[in-house]
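Engineer: Would you mind keeping the following structure in view while I ask a few things?
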Ligand code: F0G
């Protein structure tokens, strides 16, 4: 059979809001043209993020009832710890309420002024935590990774030449660790190959630098390795994931993605001394060692989620659903980042609205129109998220201007995806009417979350 079906049936449903264009114009203006300020009750299909928006399975709901809410030594914690250790092989598992809490602990220990943290591409909160500690976050993405129109199998890879140059230039003593984000969210949900993980590890080892995975979407990355990298076609997703983690000395994870849950995360470490420091910070900022910032029933849902995410039928549907949307858009001539990634389709706003300069936020303009047309909410990954003023006050933009349509896991059906495609195509057909935007209010760190904007 050729039809890709959802490998589950629906047991509980939630009504979605249907609104008129007139209403949406009012809602968007009241939200200062920033989708983060929109109430979800005004959103028909929510593609803001794939984080914590997963639908739970019936087994996870059963686990929630079965959670052992003990403060210390909870049975639910040990289930969670076993599941994480089974996949990562890492020694100390430090539970946090989400990914950025793990980052905050890690970079409180490892980062300060003068320190440099390299990555293939840092996610915004990772960059935020590093910069907040006074250190520098530097991306070393392969060149092909920032060319949306070029097809390549592993566009999330680390550029090893850039990384070597950076280490030599900044000095090994100023680089306490190196990160590798799988899949690479900011470069389009693109995977990192096993060969690249192995070679990044070898390079780090040469200089004695520990390698950390930002592992939010490790299972999606493992699936791409299985499908695209010779030698892995007959391995299970679990075996591939285990090999990925075997090259690492530590990991941060937002389990709100491939933990198939609504909250959660962890910091995993092999180094005993670092773990000791991290555990002190955990108790000060998150909670006790056997729950971090989570309820124990969350740990149950996660332990079950880590099992379900390794299921190949699930991943085939998951990655297939994203590709189905991407293919529909390509067929209609809508410019997207190619190939489609693991968790989202990214509209290429530079080609979508070439008449809007990067400093006038073409991506934000596209997503505002998409919302007005359809009630679909997306997020900008471009000048609003990563742009900055340089020392002369001139605005500096990242290489790509993207609009991310992140697909929540197990939530939307094929007809929802058809609706999203129709909305994007309609927006594209109206592209000449799109106008540039400017910021009326912003803060210093992670400005996209709370910026207020208006049309020029
Ligand atoms: N690292 C990556 C690669 C991420 O995508 C995220 C979150 C984090 C770290 C932080 O995790 O949200 O649990 O604190 N990404 C979400 C997104 C928010 O929409 O892409 P968190």
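Engineer: Let me check against my output: what whole-number percent is the relative contact order of segment 58-308, with C-alpha pairs under 8 Å and at least 6 apart?
Structural biologist: Answer for segment 58-308 is 32 percent.
Engineer: Let me ask something else about it. Can you sort 76, 187 so the residue with the fewest Cβ neighbours within 10 Å comes first?
Structural biologist: 76, 187
Engineer: A further question follows. If every alpha-carbon in the chain counts as one equal scatterer, what log10 I(q)/I(0) does Debye give at q = 0.08, 0.11, 0.13 1/Å?
Structural biologist: -0.44, -0.87, -1.24
Engineer: Let me ask something else about it. Grab the beta carbon distance between residue 169 and residue 65, set R0 = 51 Å, and tell me the FRET efficiency rounded to 0.05.
Structural biologist: Computed FRET efficiency for residue 169 and residue 65: 0.40.
Engineer: At 0.36 nm per residue, minus the direct Cα-Cα distance, what do residue 10 and residue 331 gain on full extension? Give it in nm, one decimal, please.
Structural biologist: Full extension from residue 10 to residue 331 adds 112.5 nm.
Engineer: Between segment 388-456 and segment 232-287, how many Å separate their Cα centres?
Structural biologist: Cα centroid to Cα centroid, the span is 30 Å.
Engineer: Using only helices, what value at 222 nm comes out for the chain when you add -39,500 (n - 2.57) per DSSP H run of length 4 or more and divide by the total residues, to the nearest 500 deg cm²/dmol?
Structural biologist: It comes out at -12500 deg cm²/dmol, rounded to the nearest 500.
Engineer: Then there is this: Which order results if 100, 377 are arranged by neighbouring Cβ count within 10 Å, fewest first?
Structural biologist: Final ranking by Cβ density, sparse to dense: 100, 377.
Engineer: Quick check: Cα centre of segment 89-121 to Cα centre of segment 323-371, how many Å?
Structural biologist: Measuring centre to centre over Cα atoms gives 31 Å.
Engineer: Normalised radius of gyration for segment 58-308, please: alpha carbon Rg relative to 2.2 N^0.38 Å, two decimal places.
Structural biologist: Working it through for segment 58-308, the quotient is 0.97.
Engineer: Which FRET efficiency value, to the nearest 0.05, do you get for residue 1 and residue 160 by plugging their Cβ-Cβ distance into 1/(1 + (r/R0)^6) with R0 = 41 Å?
Structural biologist: Once the sixth-power term is evaluated, E becomes 0.45.
Engineer: So between residue 432 and residue 227, what do we pick up on full extension, going 0.36 nm a residue minus the alpha carbon distance?
Structural biologist: Result for the pair: 69.9 nm of gain on full extension.
Engineer: Now, a different point. Once you place label points 7 Å from the Cα toward the Cβ at residue 273 and residue 147, how far apart are they in nm?
Structural biologist: About 4.5 nm, to one decimal.
Engineer: Give me the distance between the Cα centres of segment 6-64 and segment 149-214, rounded to whole Å.
Structural biologist: Result: 34 Å between the Cα centres.
Engineer: Would you mind computing, in nm to one decimal, how far apart the modelled labels at residue 72 and residue 86 are, each placed 7 Å from Cα along Cα→Cβ?
Structural biologist: Output for this residue pair reads 2.8 nm.
Engineer: Run the numbers on the chain and let me know its relative contact order in percent, using alpha-carbon pairs under 8 Å that are six or more apart.
Structural biologist: Taking the mean separation of contacting Cα pairs over the length of the chain, I get 23 percent.
Engineer: Shifting gears a bit: How big is segment 221-354 by Rg and Dmax over its Cα atoms, in Å?
Structural biologist: Values for segment 221-354 (Cα only, Rg and Dmax): 18.6, 55 Å.
Engineer: At residue 394 and residue 414, where each label point lies 7 Å from the Cα along Cα→Cβ, what is the point-to-point distance in nanometres?
Structural biologist: Distance between label points: 5.2 nm.
Computed from the coordinates by the stated procedures, all read-outs in this text should not be read as laboratory data. If you're wondering where the values come from, they're calculated on a predicted model, not measured in any experiment. Methodologically, a virtual Cβ is constructed for each residue, glycine included, from the backbone with ideal geometry; neighbour enumeration extends over all protein chains shown.
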